[in-house]
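Novice: Can you keep this structure in mind? I'll have questions shortly.
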Ligand code: ADP
Ligand code: NA
């Protein structure tokens, strides 16, 4: 009963990397042909940890540039930044009164990001998943393309939507909003690269927030940097297997094969059929070629776009107006349902 609508966000925090591209941004491009899509630079999420203001301004533009450079059409889709649409913060408060403390206590990302000094983490870092639920539900979005690390947050968003619908079911129907006001947003977590691992250590995900990890492939890396990082990627001494089953217990090999498949737009099995039995060095050369072919033009276009900040700001402003036009009536309805 809810019209299909796609929402997803990327934080403007440091370098965008291959994981962000394969887990999220590449999927944004594919979805724009079938659905109405909102792609958000989630700057309110970014400040859950300290940010330098000038750097934040720059990275907001850089993330918007990455969406566009990767192929997201800003006319067909809504590209905007979160802080420019008040619905996000407003709905987050209301949904924060729906979500339970016990639910948030189970969130593994908070535990990882807060580390040992949990008492000193910001309240925003703790309630981050509530804001994420508000991001999605402000637009009554039905589909959310994300990497696997966001699975638990998506489940929480579904729980919050359901509890709001239940808590206010009488008011929702009495005021003519049907049986349920919020949809149950579905995560779109698919493909060989839903979780890209670090090239240094196959047990950790590739992440913006690990400054010590020099192996991360950034979207703005040039061909030489990409080649050197791929060639240095950790592997094991065995040749590549010829079937997927042979990747079990070999996280580094599985990661590189997954990355190749996602970049080349093919399946893991097809990659193994081609490279199985061979040495990593030959496979790595082929991986460098597909990575440079795919990422090179995106990085170059990002650099071109950020050199004209006024144009990006105009796109973000237009996007914010269009996003607001969708969210504002939903917020008005939520207030009506709650009794404000
Ligand atoms: P990061 O986790 O790098 O700080 P974000 O939290 O802004 O980045 O995530 C932006 C999108 O990129 C999310 O959909 C997230 O699931 C996805 N993503 C982040 N890291 C990876 C990864 N290593 N593999 C696949 N997807 C990822
Ligand atoms: Na993340």
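Bear in mind that the values in this text are calculations on the coordinates, not laboratory data. In this text the structure is predicted, and so the values were computed from the model without any measurement. Ideal geometry is used to build each Cβ from the backbone, glycine not excepted, and the neighbour counts take in all protein chains shown.
Novice: So what is the calculated 222 nm ellipticity per residue for the chain, using -39500 (n - 2.57) for each DSSP H run with n of 4 or more, over all residues, to the nearest 500 deg cm²/dmol? Show your work: numbers first, answer last.
Specialist: Numbers: 14 runs with 177 residues, N = 340.
After summing the helix terms and dividing by residue count, I get -16500 deg cm²/dmol.
Novice: Count the DSSP beta bridges whose two residues both fall in the chain, then state the antiparallel fraction as a percent rounded to the nearest 5. If you can, show how the numbers build up before the last one.
Specialist: Details: 2 of 16 bridges.
In the chain, approximately 10 percent of DSSP beta bridges are antiparallel ones.
Novice: In degrees from 0 to 90, rounded to the nearest 10, what is the angle of the helix 151-167 Cα long axis to the longest principal axis of the chain?
Specialist: Rounded to the nearest ten degrees, it is 10.
Novice: List the extent of the Cα atoms of region 183-252 along each of their three principal axes, largest first, rounded to whole Å.
Specialist: Extents along the principal axes, in whole Å: 46, 33, 21.
Novice: Would you mind estimating how fast region 131-211 diffuses translationally, via Stokes-Einstein at 25 °C and 0.890 mPa s with the Kirkwood radius over Cα pairs, in µm²/s? Before the final figure, lay out each step's value.
Specialist: Details: Rh = 14.5 Å.
It comes out at roughly 169 µm²/s.
Novice: Follow-up. In what sequence, highest mean first, do 226-238, 169-181, 114-126 appear when ranked by Cβ atoms within 10 angstrom? Mind showing how you got there, number by number?
Specialist: Details: 226-238: 16.0, 169-181: 14.0, 114-126: 11.8.
Ranked by mean Cβ neighbours within 10 Å, highest first: 226-238, 169-181, 114-126.
Novice: What do you get when you divide the Cα radius of gyration of region 223-303 by 2.2 N^0.38 Å, with N the number of residues? Can you show the working numbers first?
Specialist: Numbers: Rg = 12.8 Å, N = 81, 2.2 N^0.38 = 11.7 Å.
With N residues counted in region 223-303, Rg over 2.2 N^0.38 Å equals 1.09.
Novice: Which of the three applies to region 289-328, rounded, prolate or oblate, going by the alpha-carbon gyration tensor with a ≥ b ≥ c and a/c under 1.5 meaning rounded?
Specialist: Numbers: a/c = 7.66, a/b = 2.09, b/c = 3.66.
Oblate, since a/c reaches 1.5 and b/c is not below a/b.
Novice: Could you rank the peptides 36-47, 249-260, 182-193 by their average count of other C-beta atoms within 10 Å per residue, with the highest value first?
Specialist: Highest mean packing first, the order is 36-47, 249-260, 182-193.
Novice: If one takes the longest principal axis of the Cα atoms in the chain, at what angle in degrees, from 0 to 90 and to the nearest 10, does the Cα axis of helix 280-306 lie?
Specialist: Once rounded, the angle reads 40 degrees.
Novice: Taking only the C-alpha atoms, wrap a convex hull around the chain and report its volume per residue in Å³ as a whole number.
Specialist: Working: hull volume 48.8 nm³, N = 340.
Spread over its residues, the Cα hull of the chain gives 143 Å³ apiece.
Novice: Looking at the square roots a ≥ b ≥ c of the eigenvalues of the Cα gyration tensor of region 178-319, which shape do they give, rounded for a/c under 1.5, prolate if a/b is larger than b/c, or oblate? All intermediate terms of the calculation are to be shown ahead of the outcome.
Specialist: Numbers: a/c = 2.14, a/b = 1.36, b/c = 1.58.
It is oblate, given that a/c is not under 1.5 and a/b is not larger than b/c.
Novice: Relative to the compact-globule scaling 2.2 N^0.38 Å, provide the ratio for the alpha-carbon radius of gyration of region 57-141. Let's see the in-between values first.
Specialist: Values: Rg = 15.5 Å, N = 85, 2.2 N^0.38 = 11.9 Å.
Working it through for region 57-141, the quotient is 1.30.
Novice: Quick one: angle between helix 251-264 and the longest Cα principal axis of the chain, in degrees between 0 and 90, rounded to 10, please.
Specialist: For helix 251-264, the angle is close to 80 degrees.
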